[in-house]
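Chemist: Encoded as structure tokens, here's the structure I'll be asking about.
The values are calculated or read from the model by the stated rules, or taken from the named source; none is laboratory data. All figures in this text were calculated on a predicted structure; none of them were measured in a lab. Quick reminder, even Gly has a Cβ in these numbers, built from the backbone with ideal geometry, and neighbours come from all protein chains shown. Side chains are part of the model used for accessible areas, which takes the heavy atoms of the whole protein and leaves out ligands, DNA and RNA. Shrake-Rupley method; radii C 1.70, N 1.55, O 1.52, S 1.80 Å.
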Amino acid sequence: MSKQRVLSGVQPTGNLHLGNYLGAIRNWVEIQQQYDNFFCVVDLHAITVPHDRATLADNTYKVAALYLACGIDLAYSTIFIQSHIPAHSELTWLLNCITPLNWLERMIQFKEKALKQGENVGVGLLDYPVLMAADILLYDTDKVPVGEDQKQHLELTRDIAVRVNDQFGSKDKPVLKLPDPLIRTEGARVMSLTDGTSKMSKSDPSEMSRINLLDPPEAIAKKIKRCKTDPVKGLEFDNPERPECNNLLTLYGLLSGKPKSEVAIECQDMGWGQFKPLLTETTIEALKPIQEKYQMIMSDRDYLKSILRDGRQKAEAVANETLARVKSAFGYSTPL
Ligand code: AQP
């Protein structure tokens, strides 16, 4: 029996942080042996908010290098760059034409990001989830490992696929495969260091709100030293009055590899003065091997480019086949 297909990606919109790692990439690494995996750097998504043309290409390579540094293994996984495969944009157009506008206007991420951009909000930001649906559906994906913030977009992807199948397929011959989200409970939502009620995010204007995977030890120490806490003695999980406490304990558990029950007992009598150095040391140690491997990969750009070239060829073959199937179902003639 062939393996089920997994697809996921990260935008090259800035420095990848612990949320991207614990909510997404680390889970990809853990499950990769069981699946046939496609991991893309979603650089078409990166221009849905104002971007810097001088850094886009470089950031894209850096994210690909981080995938490898975090443990993505080419024996099980294909890594490629989204914009190198035109089928992503073409399927987006076809899906746009069958997606009701009000489905997109309902998306929480659109509402949140549109608020920040005011009058300048672009059509691309509204259309982001359709591009994401195209990314997923092109690969006949079975499972999409993402953080909890992407759950609504996954539901929309399924709704779009159902609509295509209803309009252009038949019960025994669906056009598109319906994917399922794969969301871990622990690490699904890593919160900001400066506000335990909002998610850690690349676009937060405050650098102090996140720990980046490539932060040097001094920066990690400074961010944890200054992160928001509370005046209560003793540390505990799951107290809604103490969101920062829950987040920092969760980070400690995930980065140390200790189960929640063990962390709860270890930290129950600690004050912040004792806990913060422990979290600092654990974070630095957890990120060290990733940072070392990243430097090695980035010192050989030709090797990285050859991986991405191979990845493109493999991914493009699958994507083009699906695109042809959808175009035929929509009633298009085959190219002459
Ligand atoms: N705080 C988070 N906790 C858990 N998972 C997270 N992810 C992002 N933030 C957290 C997961 O990382 C993957 C890639 O995300 P993305 O870069 O494509 O876009 P995003 O979700 O919008 O991430 P950011 O950091 O918040 O970027 P900006 O600020 O540019 O929007 C996804 O699987 C996501 O769930």
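Chemist: Looking at D73, is it more than 16 Å from G9 (Cβ to Cβ), at pLDDT 95 or above and open to solvent by 40 Å² or more (accessible area, probe 1.4 Å)?
Modeler: yes
Chemist: Among the residues of the stretch 134-154, what is the count of those that are in a helix (DSSP H, G or I) and surrounded by 24 or more Cβ atoms within 10 Å (Cβ to Cβ)? Show your work before the answer.
Modeler: Residues of the stretch 134-154 that are in a helix (DSSP H, G or I), as a first pass: 134-137, 148-154.
In the following step, the residues that additionally are surrounded by 24 or more Cβ atoms within 10 Å (Cβ to Cβ) were identified as 134-137.
Count: 4.
Chemist: Give me a count of the residues in the stretch 283-327 that are open to solvent by 80 Å² or more (accessible area, probe 1.4 Å) and under 30 Å from L95 (Cβ atoms).
Modeler: Total meeting the criteria: 6.
Chemist: On to the next question. Give the stretch 28-51 a look and list any residue that's within 13 Å of the ligand (Cβ to nearest atom), over 16 Å from D135 (Cα atoms) and open to solvent by 10 Å² or more (accessible area, probe 1.4 Å), or say none. Write out each step before concluding.
Modeler: Within the stretch 28-51, the subset within 13 Å of the ligand (Cβ to nearest atom) is 28, 39-51.
Still in the running and over 16 Å from D135 (Cα atoms): 28, 49-51.
Those that are within 13 Å of the ligand (Cβ to nearest atom), over 16 Å from D135 (Cα atoms) and open to solvent by 10 Å² or more (accessible area, probe 1.4 Å): V49, P50, H51.
Chemist: Suppose the filter is touching an Asp or Glu at 6+ places or on another chain (Cβ under 8 Å) and open to solvent by less than 10 Å² (accessible area, probe 1.4 Å); does V130 pass it? Give the derivation first.
Modeler: Values: touching an Asp or Glu at 6+ places or on another chain (Cβ under 8 Å): no; open to solvent by less than 10 Å² (accessible area, probe 1.4 Å): yes.
Answer is no for this residue.
Chemist: Out of the residues in the stretch 199-219 that are within 10 Å of the ligand (Cβ to nearest atom) and either touching a Gly at 6+ places or on another chain (Cβ under 9 Å) or aromatic (F, W, Y) (or both), which is nearest to P243 (Cα to Cα)?
Modeler: Ranking the candidates gives K199 first.
Chemist: Continuing with this model, one more query. For the stretch 4-27, give me each residue that is among the hydrophobic types (A, V, I, L, M, F, W, C), under 26 Å from K314 (Cβ atoms) and within 8 Å of the ligand (Cβ to nearest atom). Walk me through it before giving the result.
Modeler: First, the residues of the stretch 4-27 that are among the hydrophobic types (A, V, I, L, M, F, W, C): 6-7, 10, 16, 18, 22, 24-25.
Then keep just the ones that are under 26 Å from K314 (Cβ atoms); that gives 6-7, 10, 16, 24-25.
V10, L16, A24, I25, listed by residue number.
Chemist: Among (1) surrounded by fewer than 20 Cβ atoms within 10 Å (Cβ to Cβ); (2) away from the ligand (no atom under 16 Å from the Cβ), which single condition is T78 missing?
Modeler: Condition not satisfied by T78: (1).
Chemist: Right, something else. Within the stretch 238-250, is even one residue without any contact (Cβ under 8 Å) to a residue 40 or more places away in the chain, in contact with an Asp or Glu (Cβ under 9 Å, 6 or more places away or on another chain) and open to solvent by 60 Å² or more (accessible area, probe 1.4 Å)?
Modeler: yes
Chemist: I'd like the residue in the stretch 155-175 that is aliphatic (A, V, I, L, M) and part of a helix (DSSP H, G or I) and, out of all such residues, is farthest from the chain's Cα centre (by Cα).
Modeler: Quick first cut of the stretch 155-175, residues aliphatic (A, V, I, L, M) only: 156, 160-162, 164, 175.
This time we only want the ones that are part of a helix (DSSP H, G or I), so: 156, 160-162, 164.
Values: L156: 17, I160: 21, A161: 21, V162: 24, V164: 25 Å.
Looking at residues that are aliphatic (A, V, I, L, M) and part of a helix (DSSP H, G or I), I get V164.
Chemist: Same structure again: Please determine, by comparing only the residues of the stretch 11-26 that are in contact with a strand residue (DSSP E or B) (Cβ under 9 Å, 6 or more places away or on another chain) and open to solvent by 10 Å² or more (accessible area, probe 1.4 Å), which one is farthest from P129 (Cα to Cα).
Modeler: By that ranking, first place goes to N15.
Chemist: Looking at (1) more than 16 Å from the ligand (Cβ to nearest atom); (2) open to solvent by 30 Å² or more (accessible area, probe 1.4 Å), which is the one condition that is false for L68?
Modeler: (2)
Chemist: Hey, can you tell me all the residues within the stretch 99-146 that are among the acidic types (D, E), within 15 Å of the ligand (Cβ to nearest atom) and touching a strand residue (DSSP E or B) at 6+ places or on another chain (Cβ under 7 Å)?
Modeler: Answer for the stretch 99-146, where residues must be among the acidic types (D, E), within 15 Å of the ligand (Cβ to nearest atom) and touching a strand residue (DSSP E or B) at 6+ places or on another chain (Cβ under 7 Å): just D135.
Chemist: Can you list residue pairs whose Cβ atoms sit under 6 Å apart, with the first residue in the stretch 309-321 being at pLDDT 95 or above and the second being surrounded by fewer than 19 Cβ atoms within 10 Å (Cβ to Cβ)? Count only pairs 6 or more apart in sequence or on different chains.
Modeler: Close Cβ pairs satisfying both conditions: R312/H84.
Chemist: Quick one: in the stretch 164-185, of everything that is loosely packed, with under 13 Cβ neighbours inside 10 Å and modelled with pLDDT under 95, which residue is nearest to the ligand (Cβ to nearest atom)? Spell out the reasoning first.
Modeler: Restricting attention to the stretch 164-185, the residues satisfying the condition of being loosely packed, with under 13 Cβ neighbours inside 10 Å are 167, 170-173, 180, 185.
Next, only the ones that are modelled with pLDDT under 95 stay: 170-173, 185.
Working: S170: 33, K171: 32, D172: 33, K173: 31, T185: 11 Å.
In this case the residue turns out to be T185.
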